[in-house]
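**Student:** Attaching a single structure in C-alpha cells format; questions to follow.
The values are calculated or read from the model by the stated rules, or taken from the named source; none is laboratory data. Just so it is clear, the structure is predicted and the values come from calculations on it, not from any experiment. Note: ideal-geometry Cβ built from the backbone for every residue, glycine included; neighbour counts use all protein chains shown.
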Amino acid sequence: MAIQSSYQQSGKPKERKTDKKKPPGNDESQLLQPEAQVEETEKQEEKLRPHRLADYIGQTELKDILNIAMQAAKARKESLDHLLLYGPPGLGKTTMSLIIASEMGVNCKITAAPALERPRDIVGLLVSLQPGDVLFVDEIHRLSRVTEELLYPAMEDFRLQITIGKGKSAKTRTIPLKPFTLVGATTRVGSLTSPLRDRFGLLHRLRFYDLDELTQIVLRTANILQAGITPSGATEIARRARGTPRIANRLLRRVRDYVQVKASLPITQELAGEALEMYNVDSCGLDWTDRLILTAMIENFHGGPVGLETLSAAIGEDAHNIEEVYEPYLLQIGFLQRTHRGRVATAAAWEHLGYDNPNRLPLFTINYSQ
Ligand code: ADP
C-alpha cells in the first residue's frame, strides 16, 4: 500500500477574480447592503411585507414561539410579553413586529432609538399607546441613558416615573400607562445593558435564510410585483442574496429591469445570472468590497490571522462596517473565521477567488493497487 501525497504547490494566484481598482460609478456595494436604501421607501417595502404569521417565510422557531405566546396572551386578555429581536439588518425584524400587531388586533408604532434622545420623546409615545399596542424600537442598543431609565418601570409595571424640578423642590410623579408590548430590534445584542435586556420576556436571534426559503421569498415578491419568473430564475437570485430577504427583493427588482430592457419576461436562471454578473454580484453573492477584504487578507497577510484594525487600515474601509456589514455573511458562508489572533481567510475563500492555498494540508490518497 503506497501513500501518495497530492500536496499543491502554493502561492501564486491562479486566476484573479478581484480587480483592486474600484470600477468608476460602480454601485454594486449598495445593491448588497442589508440596510434599507433611499429608493426603498417605506411605501415600497410596505407593499412587499407579509401581514400574517402564516405568510412570513422561514424563522420557524420564532414563529412557533410567538404563536404560542400570542394565543396565551389573547386567552388571558393581556398584552404580549416584551420581545427582543436581534440579528443583521434586513432579516424581517420590523416585518415581524407589524405581524404581531396585526395578529393581536392592535396598532404598531415604529420608531428608532436615535429619535428618542429627549425624555419627552419617549414619554409622548408611551402615553399615546392604546391597550395592547406594539411599540417597535429599532437600534435599541443606542437608547440614551435617561430614555432607558424611563423605560424600566414602563416595561415592568406600565407606569412612568417622572421627576419634575431640580434639587430640594424636585417632585416625582407617577403616570399610569396602558399595557403595551415593546419590540426592541438590534444588530448588536452585546451592547445592550443587562437591566434593559432582562426586562424582555422573549429574546430571539433571527438567522440568515436558507436557499429554499429565499427562493420562496423571491417567488412571493415576483408575484406581488407581477414580474414573471421561473423557479430556477428565483433560485439564481436567492443564491446571491446573502441570506437576506431585503437583498433578495432588491436584486429581483434590478433583474426585472434588466430582463425587461434586454430580453423579455419571464426571468429565467440564465437571464438572472447574466443580469447579476452585470451588476457585479458574483455567484456566492460577494460584492467588490467582500472580495477586496478577502484578497487583502490573502495577498497582504498570507490569509491571516490579521486584526480588524490592521485590515481596516489596509483596505481603507471602516472597521465597524467590516465587522457589521461584511463579516457576518463571510462567516456564515465559511469564507472567514474569527480566531483569538485575528481574522483568517478560509481555504474556501482562497479557492473562490482563484488562489492556490499554501496553507492547505497535504491530501493523502491511498492506492490499494500496490
Ligand atoms: P429588518 O427590520 O430586520 O431590517 P424588515 O422587516 O424591514 O427587516 O424586512 C426587509 C424586507 O424583507 C421587507 O420588505 C419584507 O418584505 C422582506 N422580508 C423580511 N422577512 C421576510 C420573511 N420572513 N418573509 C417574506 N418577506 C420578508
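**Student:** What is the residue count in segment 223-242 for residues that are within 14 Å of the ligand (Cβ to nearest atom), crowded, with 24+ Cβ neighbours inside 10 Å and not charged (D, E, K, R)? If you could, list the steps in order and put the result at the bottom.
**Tutor:** Restricting attention to segment 223-242, the residues satisfying the condition of being within 14 Å of the ligand (Cβ to nearest atom) are 223-225, 234, 237-238, 241-242.
Going one step further and asking which of them are crowded, with 24+ Cβ neighbours inside 10 Å, we end up with 234, 237-238, 241-242.
Checking the rest, the ones that are also not charged (D, E, K, R) come to 234, 237-238, 241.
So the count comes out to 4.
**Student:** Now for a different question. Of the numbered conditions (1) in contact (Cβ under 8 Å) with a residue 12 or more places away in the chain; (2) surrounded by fewer than 18 Cβ atoms within 10 Å (Cβ to Cβ); (3) not in a loop (DSSP other than H, G, I, E, B), Q260 satisfies every one except a single condition; which is it?
**Tutor:** (1)
**Student:** Continuing with the same structure: On the basis of being in a loop (DSSP other than H, G, I, E, B) and modelled with pLDDT under 95, does F208 make the cut?
**Tutor:** Details: in a loop (DSSP other than H, G, I, E, B): yes; modelled with pLDDT under 95: yes.
So F208 fits the description; yes.
**Student:** Quick check on this structure: which one of E270, E213 is at pLDDT 95 or above, in a helix (DSSP H, G or I), more than 16 Å from the ligand (Cβ to nearest atom) and not β-branched (V, I, T)? If you could, list the steps in order and put the result at the bottom.
**Tutor:** On the way: E213 fails: more than 16 Å from the ligand (Cβ to nearest atom).
Matching residue, one of E270, E213: E270.
**Student:** Right, E40: at pLDDT below 65, surrounded by 13 or more Cβ atoms within 10 Å (Cβ to Cβ) and within 16 Å of the ligand (Cβ to nearest atom) or not? Walk me through how you get there before you give the answer.
**Tutor:** Working: at pLDDT below 65: yes; surrounded by 13 or more Cβ atoms within 10 Å (Cβ to Cβ): yes; within 16 Å of the ligand (Cβ to nearest atom): yes.
Taking the combined requirement at face value, the residue satisfies it.
**Student:** Right, something else. From the list G201, G184, exactly one residue is buried (at least 16 other Cβ atoms within 10 Å of the Cβ), modelled with pLDDT of 95 or more and not aliphatic (A, V, I, L, M). Which is it?
**Tutor:** Details: G201 fails: buried (at least 16 other Cβ atoms within 10 Å of the Cβ).
Matching residue, one of G201, G184: G184.
**Student:** Can you say whether I100 is under 26 Å from the mean Cα position of the chain (by Cα), modelled with pLDDT of 95 or more, away from the ligand (no atom under 11 Å from the Cβ) and surrounded by 11 or more Cβ atoms within 10 Å (Cβ to Cβ), as far as the supplied structure shows? It would help to see each step written out before you state the result.
**Tutor:** Numbers: under 26 Å from the mean Cα position of the chain (by Cα): yes; modelled with pLDDT of 95 or more: yes; away from the ligand (no atom under 11 Å from the Cβ): yes; surrounded by 11 or more Cβ atoms within 10 Å (Cβ to Cβ): yes.
In short, yes.
**Student:** So, one more: I need a count of the residues in segment 331-361 that are loosely packed, with under 14 Cβ neighbours inside 10 Å and under 13 Å from L294 (Cα atoms).
**Tutor:** 2
**Student:** Which of the numbered conditions does E61 fail, given that it passes all the others? Conditions: (1) away from the ligand (no atom under 13 Å from the Cβ); (2) acidic (D, E); (3) under 18 Å from L206 (Cβ atoms); (4) surrounded by fewer than 15 Cβ atoms within 10 Å (Cβ to Cβ).
**Tutor:** (1)
**Student:** Across segment 180-210, which residue is farthest from the ligand (Cβ to nearest atom) among those that are under 20 Å from E45 (Cα atoms) and among the aliphatic types (A, V, I, L, M)?
**Tutor:** Only one residue tops the list, namely V183.
**Student:** Go through (1) farther than 23 Å from G58 by Cβ; (2) modelled with pLDDT of 95 or more; (3) surrounded by fewer than 19 Cβ atoms within 10 Å (Cβ to Cβ); (4) touching a strand residue (DSSP E or B) at 6+ places or on another chain (Cβ under 8 Å) for Y152 and report which single condition fails.
**Tutor:** (4)
**Student:** Tell me whether segment 77-90 contains one or more residues that are under 30 Å from T163 (Cβ atoms), out of contact with any Lys or Arg (no Cβ under 9 Å at 6 or more places or on another chain), among the aliphatic types (A, V, I, L, M) and in contact (Cβ under 8 Å) with a residue 60 or more places away in the chain.
**Tutor:** Taking every residue of segment 77-90 in turn, at least one turns out to be under 30 Å from T163 (Cβ atoms), out of contact with any Lys or Arg (no Cβ under 9 Å at 6 or more places or on another chain), among the aliphatic types (A, V, I, L, M) and in contact (Cβ under 8 Å) with a residue 60 or more places away in the chain.
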